[in-house]
Amino acid sequence: MNLDDALALLDGARAEAEAAVAAAADVDALDVVERKWLGKNSPATAVNEAIKTFSADDRPRAGQAVGAYRSAVGEAAGARREALTAAAAATRGPGIDLTLGGHARPRGHLHLVTQIRRELEDIFIGLGYRVAEGPEVEDDWHNFEALNIPPAHPARSMQDTIYVDLGAAEQMMLRTHTSPVQIRTMESQEPPIYVVAPGRTYRNETLDARHSPAFHQMECLAVDRGLTMADLFGTIEAFARRLFDDESVRTRFRSDFFPYTEPSAELAVSCVFCGGDGCRVCSHTGWIELGGCGMVDPQVLAGVGIDPEEWQGFAFGFGLERIAMIRYGINEIRTFFDNDVRFLEQY
Ligand SMILES: [Zn+2]
């Protein structure tokens, strides 16, 4: 190869290389073109190799020609690369920002009282009980008389309710407790009986932080041969320990009065928040009152046709809102019925 051959080779190669660069459809194709026309097998390399055989006068011209070829092809490839990259970005459009939040539909869940009710039902089913239900609109017999509360009894004034005129001869009312379900169960079923009765109950109360005209109770009734208060205490203790998931929970019973149980007791458990030392939840007494309990009055058993000489019964009951208030430190019973989602969605 002499100088003229070298210059001719570079001229032709340059024209070809520039055409190939312009024809490269994407960055990958451009990479191939660059390797071919600027790489170690390119015409520029071949001329460079030949330069040492040229005369001293020709060498500088050949070197300049190689430099001019390299920069011309290199610049063309650089410009083409920029154009291809910009076009690819434009094709992708404005883009999708995957970090933006979506439009999730708010999803509801069970009301706190329903959650507590189901949890308690599970505990009692685990203890061998069955869930019983009854009407919320009751007659006088099931709500009062069968429970040892005759018309003139003072307990009626403690359980004033809302009366309902259904046009029937008998005065109907919204039940003041779930105890009528116990009567209905004993009327319709032979002992032994082991049931829990959860449900909505009503009183003629003014709505305030601690009282509500509508609330929820759960009552437990057992009727069997040879039942004693020891069975009642043991059942309540087993229930309380599962409710608070704490085997160290202790129970306390203090004498009380209910028309339908004899003897009767108020039922309290040791405070699970302070272990009995005293705190805000237990009003610094170390004990939390849960409800009432007792042995079913023999007269109640006889009233529904169960022989009290053969069968004994125990019963206990408590408010579902009260359980929720204790467990979650809720101060106002009203919040259960306000239907304020900001409150409800916390549980
Ligand atoms: Zn406490």
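Please treat every number below as a calculation from the coordinates, not as lab data. Remember, predicted model here, so these are calculated numbers, not experimental data. Cβ: placed from backbone, ideal geometry, glycine included. Neighbour counts: every protein chain shown.
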Exercise for the section: Scale the Cα Rg of the stretch 112-344 by the rule-of-thumb value 2.2 N^0.38 Å and send over the ratio, two decimals. Expected result: 1.01
Handout entry: Footprinting exposure proxy for W287, W37, W311 (fewest neighbouring C-beta atoms within 10 Å first)
Key = W287, W311, W37
Exercise for the section: Before rounding to the nearest 500, sum -39500 (n - 2.57) across all DSSP H runs of length at least 4 in the chain and divide by the residue total; then give [θ] at 222 nm in deg cm²/dmol. Expected result: -12500 deg cm²/dmol
Completion exercise
Those trypsin sites (Lys or Arg not before Pro) from the stretch 1-106 that are DSSP loop and have at most 10 other Cβ neighbours within 10 Å turn out to be K40, R92
Exercise for the section: Name every cysteine in the chain that ends up alone, with no second cysteine's Cβ under 4.7 Å, or say none. Expected result: C220, C293
